[in-house]
Amino acid sequence: MKPLVALLSNKCPRCNKGKVFENSIFNLFKIGKMKDNCSHCNLTYEKEPGFFFGAMYVSYALNVAESVIVFIVSRFIVNLDWFSSLGLTALMLVVLFGVNFKLSRMIWLYMFSSKK
Ligand SMILES: [Zn+2]
């Protein structure tokens, strides 16, 4: 399984079999609990206390990128006014909160996990 596919399908970075979150990354309505260990290879996901604080940087980058894309598309391609574009951008950030939370933790986990 390719790393990007495994990341997006919520699989363990070492074995690509066990799930990291109980729910799918793209489930908008349930964040779900993150598991402590992989059910297949027993990899501990939180390597040290506070390991996932760094995922905030990934989350920030994701949110900025999504905001810029939504704002530019709504303002300059769909031709909404400034206020509506900002409102749509804010709404998108609220709706995608759970996805960004899980995706940023998965990216952070994949950045610092080896296959061995
Ligand atoms: Zn595993």
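No lab work stands behind these numbers, since they all come straight from the coordinates. As the structure is a computational prediction, the values presented were derived from the model and not from experiment. Note that each Cβ is placed from the backbone with ideal geometry, even for glycine, and that neighbours are counted across all protein chains shown.
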Review point. Along the charge dipole of the stretch 20-116, Cβ charges K/R +1 and D/E -1, which of Gly32, Leu80, Leu96 sits furthest on the positive end?
Key: Gly32
Practice item. Just add up the charged neighbours of Cys41: K/R +1, D/E -1, any other residue whose Cβ is under 10 Å from the Cβ of Cys41. Key: +2
Check your understanding: In nanometres, what is the gap between the two model label sites at Leu28 and Val64, each 7 Å from Cα along Cα-to-Cβ?
Key -> 2.6 nm
Check your understanding: For the chain, what relative contact order do you get, as a whole percent, if you take Cα pairs closer than 8 Å and at least 6 residues apart?
Key -> 31 percent
Review point. Say we join alpha carbon atoms closer than 10 Å with springs in a Gaussian network model of the chain; which of Phe29, Phe51, Phe76 then has the biggest fluctuation?
Key: Phe76
Point to revise | Pairwise Cα inverse-distance average, inverted: Kirkwood Rh of the chain (Å) | key: 15.3 Å
Check your understanding: Taking the chain as a Gaussian network, where each spring joins two C-alpha atoms under 10 Å apart, which residue of Ile69, Ile77, Ile25 fluctuates the most?
Key -> Ile77
**Study point:** Helix-only mean residue ellipticity at 222 nm for the chain, each DSSP H run of n ≥ 4 adding -39500 (n - 2.57), per residue, nearest 500
**Key:** -14500 deg cm²/dmol
Revision key, fill the gap. Residue separation between Lys17 and Phe53 times 0.36 nm, minus their alpha-carbon distance, gives in nm 10.5 nm
